[in-house]
Each structure stands twice: as C-alpha cells, then as structure tokens.
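Scroll down for the structure; my scribbles are underneath it.
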Amino acid sequence: MSSSFERHRNLLFTVAYEMLGSAADAEDVVQETWLRWADVTDEVRDERAYLVRIATRLALNRMRTQSRRRETYVGPWLPEPLLTAPDVAEDVVLAESVSMAMMLVLDTLTPTERAVFVLREVFGFGYDEIAASVDKSEVACRQIASRAAKHVQARRPRASDRPDTAVVLERFIAATTGGDLQGLMDVLAPDVVLLSDGGGIKQAALRPIIGRDKVLRWFAGTIGNTDGELSMDVVMLNGEPAIQVVIDGEPDGIAAVRIEDGLVTALYLVRNPEKLTRIADEVPLAR
C-alpha cells in the first residue's frame, strides 16, 4: 500500500495544487489522501484513478473553506509560488497549467468546473472517472468540461515569448537594481498590469495597478526605495523563469512575469512571507 501511494504522491500533490493554488493546502490533501488510502482493504483495480478521486474530493471540500478565507484576505490573492525543476518547463501542458497567469484564470471557475477542467485537460482522465471524482453524471461532466474550456479559452493568457524572456528579465533586473527609471520604463509595456500580494503582512497594492507610469511609481516607492541591499535573481518558478527579490540576503518577494513582443505585459508579485516557504527547494510536480 505504501509503495503504491508513494508512486503517485507527486501526481496527487500536483492535482491538489492546481485546484487550490496553495502548496500548504495541497500537502494537507495529500496527507489526508494517504490516511484514507491506508484504510482501504478491498482490491483496487486502478490505483492512480482511485487515489486521484480521493484527492479531488478532499480538494473540493477545501476549496469551500478557501472561499471563506478569501473574503477577509487583504488585497489581491495570488497562488503560492513553487520552485520547480527544469523538466516541468519541458512539459508544455503542465508548465502552462501551473503558471501564475493560468492559475489566476482557473481561479475564476467554480470549484466543480475547476476540478473537471484540470482532470480532463491537464491530466487526461476519462469522463467516467471524472464523474466519480466530482459526484456528477458523465453527461453533466461533459457539459461542465465544455463550459469550463470555453471560459478558460476566452481568458487564456498569451504565453510569454520564450526567446525574449532571458534578455527582458536581465534588462528588468539591471534597471530595477540600478535605479534606472528610464531603463525600467523601456522594458514595461504601456498597458502593463501589476498584481501584488502582501497578505496584509508586507506592503502591496490593494488593487491591480494598470499602466506603465503607475507601475513605475509603485516600484520606485516600494521595491526601489528599500533601505537594505537589493538584489534580484532569475529562478524557475511554476514552470517559468521568474524573479526572486532579495533584500539584505533574505527573500522579500517573487515576481512572475508575462512577456510579449519583448516587453513585460504583466507582473505577479508575491510578497506575503507565508507564501514564500517553497522557493528554496524544488517541488516535484507530475501528471
């Protein structure tokens, strides 16, 4: 039993994380799944599907608790960033599904829509197994999947231009750490959007900031105005290159970016320290 569970542990974590956007909650789901798996005495024909079914039901329950927590959350809520292995980026479907931009799109679905979409589009489960996981009929799941897919497609962010990413990030980092406001302006798109998540603990904008001038002023007044020694590094987070902000040797934030036509069009800055606990060690994802 234990060896069977361990073979699928990374998959279960990935399923739960894509549904919840929280590594802490996903780990709790995995642990609860193990406890229920340990109590199974009957022979299970498809262990992978059975375990995912348990994890999905537990994640759906947690999503309802999450919605209540979100009501009192201070400012925008962003997914908890994960330090991922380079091979995650090589799996295009997995990398897109855990990207910060896509996770925010998934967050606009209902819990059941999100579960059905993730199980179908990311992990390729059949409608019979999805139906058993979300306690709906196969016909209902097909309808939900179609509705969710249309919703996601209408909001699906354009993927960052990979060839430009390294160069643009280098320019962004050089301008920010060097206090070069013109250089920073040159790398930001005119309609760039900044979402920042401080969780009421660290300074962050309470609403999205839209427009190059406004984003520039915010950066100059916060990250660029720190009393400590500021440095930035490029790291692989959620399957994509991102920027780690370090002040006086301590992690201060993570900025995921979207790049189009050589310019930064979106910044997702996580400063809430409670969400920066999994950026030192790689978190294995699987599907």
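The values are calculated or read from the model by the stated rules, or taken from the named source; none is laboratory data. Quantities reported herein were computed from a predicted structural model and do not represent experimental measurements. All Cβ positions, even for glycine, are placed from backbone atoms using ideal geometry, and neighbour counts span all protein chains on display. Areas reflect the complete protein model, heavy atoms only, side chains present, ligands, DNA and RNA absent. Shrake-Rupley method; radii C 1.70, N 1.55, O 1.52, S 1.80 Å.
Residues in the stretch 99-115: is at least one free of Cβ contacts under 8 Å to residues at least 40 places away in the same chain and touching a Ser or Thr at 6+ places or on another chain (Cβ under 9 Å)? Spell out the reasoning first.
Quick first cut of the stretch 99-115, residues free of Cβ contacts under 8 Å to residues at least 40 places away in the same chain only: 110, 113.
Those left that are additionally touching a Ser or Thr at 6+ places or on another chain (Cβ under 9 Å): none.
For the stretch 99-115, residues free of Cβ contacts under 8 Å to residues at least 40 places away in the same chain and touching a Ser or Thr at 6+ places or on another chain (Cβ under 9 Å): absent.
Collect the residues in the stretch 31-66 that are within 30 Å of Pro208 (Cα to Cα) and free of Cβ contacts under 8 Å to residues at least 40 places away in the same chain, keeping them in residue-number order.
Answer for the stretch 31-66, where residues must be within 30 Å of Pro208 (Cα to Cα) and free of Cβ contacts under 8 Å to residues at least 40 places away in the same chain: Asn61, Thr65.
Of everything in the stretch 242-264, what is touching a residue at least 40 places away in the same chain (Cβ under 8 Å), open to solvent by less than 30 Å² (accessible area, probe 1.4 Å) and assigned to a strand (DSSP E or B)? Give them in sequence order.
We begin by selecting, within the stretch 242-264, every residue touching a residue at least 40 places away in the same chain (Cβ under 8 Å); these are 242-243, 252-254, 256-264.
So of that shortlist, the ones also open to solvent by less than 30 Å² (accessible area, probe 1.4 Å) come out as 242-243, 252-254, 256-257, 259, 262, 264.
The answer is Ala242, Ile243, Asp252, Gly253, Ile254, Ala256, Val257, Ile259, Val264.
How do the pairs read when you match residues in the stretch 265-287 that are within 25 Å of Arg158 (Cβ to Cβ) with residues anywhere that are at pLDDT below 95 and open to solvent by 20 Å² or more (accessible area, probe 1.4 Å), using Cβ under 6 Å and keeping only pairs 6 or more apart or on different chains?
Short answer, once both residue conditions are applied: Thr265/Arg258; Ala266/Arg258.
Read through the list (1) more than 18 Å from the chain's Cα centre (by Cα); (2) within 29 Å of Val245 (Cβ to Cβ); (3) open to solvent by 40 Å² or more (accessible area, probe 1.4 Å), then give the number of the only condition that Ala154 fails.
Checking Ala154 against (1) more than 18 Å from the chain's Cα centre (by Cα); (2) within 29 Å of Val245 (Cβ to Cβ); (3) open to solvent by 40 Å² or more (accessible area, probe 1.4 Å), the one that fails is (2).
So, in the stretch 215-230, exactly how many residues are of a type outside the set (Phe, Trp, Tyr) and surrounded by 15 or more Cβ atoms within 10 Å (Cβ to Cβ)? Don't jump to the end; show me each part of the working.
Step one: list which residues in the stretch 215-230 are of a type outside the set (Phe, Trp, Tyr), which gives 215-217, 220-230.
Of the ones still in play, those that are also surrounded by 15 or more Cβ atoms within 10 Å (Cβ to Cβ) are 215-216, 222-224, 230.
Looking only at that region, the number is 6.
With the structure loaded, tell me whether Gly228 is in contact with a strand residue (DSSP E or B) (Cβ under 7 Å, 6 or more places away or on another chain) and farther than 21 Å from Ser22 by Cβ or whether it fails that test.
On the way: in contact with a strand residue (DSSP E or B) (Cβ under 7 Å, 6 or more places away or on another chain): yes; farther than 21 Å from Ser22 by Cβ: yes.
Taking the combined requirement at face value, the residue satisfies it.
Scan the stretch 112-131 and give yes if some residue there is among the hydroxyl-bearing types (Ser, Thr, Tyr) and loosely packed, with under 13 Cβ neighbours inside 10 Å, otherwise no.
So the first thing to find is which residues in the stretch 112-131 are among the hydroxyl-bearing types (Ser, Thr, Tyr), and the list is 112, 127.
Okay, now just the ones that are also loosely packed, with under 13 Cβ neighbours inside 10 Å, so none.
No, the stretch 112-131 contains no residue that is among the hydroxyl-bearing types (Ser, Thr, Tyr) and loosely packed, with under 13 Cβ neighbours inside 10 Å.
Among the listed residues Thr84, Thr65, Thr72, identify the single one that is within 13 Å of the chain's Cα centre (by Cα) and of a type in the set (S, T, N, Q). Full working, then the answer.
Details: Thr65 fails: within 13 Å of the chain's Cα centre (by Cα); Thr72 fails: within 13 Å of the chain's Cα centre (by Cα).
After applying the criteria, what remains is Thr84.
Among the residues that make up the stretch 83-106, is at least one of them touching a Lys or Arg at 6+ places or on another chain (Cβ under 6 Å), among the small types (Gly, Ala, Ser) and open to solvent by 10 Å² or more (accessible area, probe 1.4 Å)?
Just the residues of the stretch 83-106 that are touching a Lys or Arg at 6+ places or on another chain (Cβ under 6 Å), to begin with: 94, 101, 105-106.
Now drop any that are not among the small types (Gly, Ala, Ser), which leaves 101.
Narrowing the set further to residues that are open to solvent by 10 Å² or more (accessible area, probe 1.4 Å) leaves 101.
Within the stretch 83-106 (the criterion being touching a Lys or Arg at 6+ places or on another chain (Cβ under 6 Å), among the small types (Gly, Ala, Ser) and open to solvent by 10 Å² or more (accessible area, probe 1.4 Å)), the answer is yes, since at least one residue qualifies.
Under the condition of being among the basic types (Lys, Arg) and crowded, with 23+ Cβ neighbours inside 10 Å, which residue from the stretch 265-283 is farthest from Val245 (Cα to Cα)? Write out each step before concluding.
The first filter runs over the stretch 265-283 and keeps only residues among the basic types (Lys, Arg), leaving 271, 275, 278.
From what's left, crowded, with 23+ Cβ neighbours inside 10 Å: 271, 275.
Details: Arg271: 9, Lys275: 14 Å.
For the stretch 265-283, the residue satisfying everything is Lys275.
Would you check which residues across the stretch 29-54 are charged (D, E, K, R) and open to solvent by 70 Å² or more (accessible area, probe 1.4 Å) and list them?
Our first condition is that a residue be charged (D, E, K, R); within the stretch 29-54, this holds for 32, 36, 39, 42-43, 45-48, 53.
Arg36, Asp39, Asp42, Glu43, Arg45, Asp46, Arg48 - these are the residues of the stretch 29-54 that are charged (D, E, K, R) and open to solvent by 70 Å² or more (accessible area, probe 1.4 Å).
When you scan the stretch 150-241 for helices (runs of 4 or more DSSP H) that lie fully inside it, which ones turn up with 1 or more residues that are among the hydroxyl-bearing types (Ser, Thr, Tyr)?
Working: elements: 162-177, 181-187, 212-221.
Filter on the stretch 150-241 gives 162-177.
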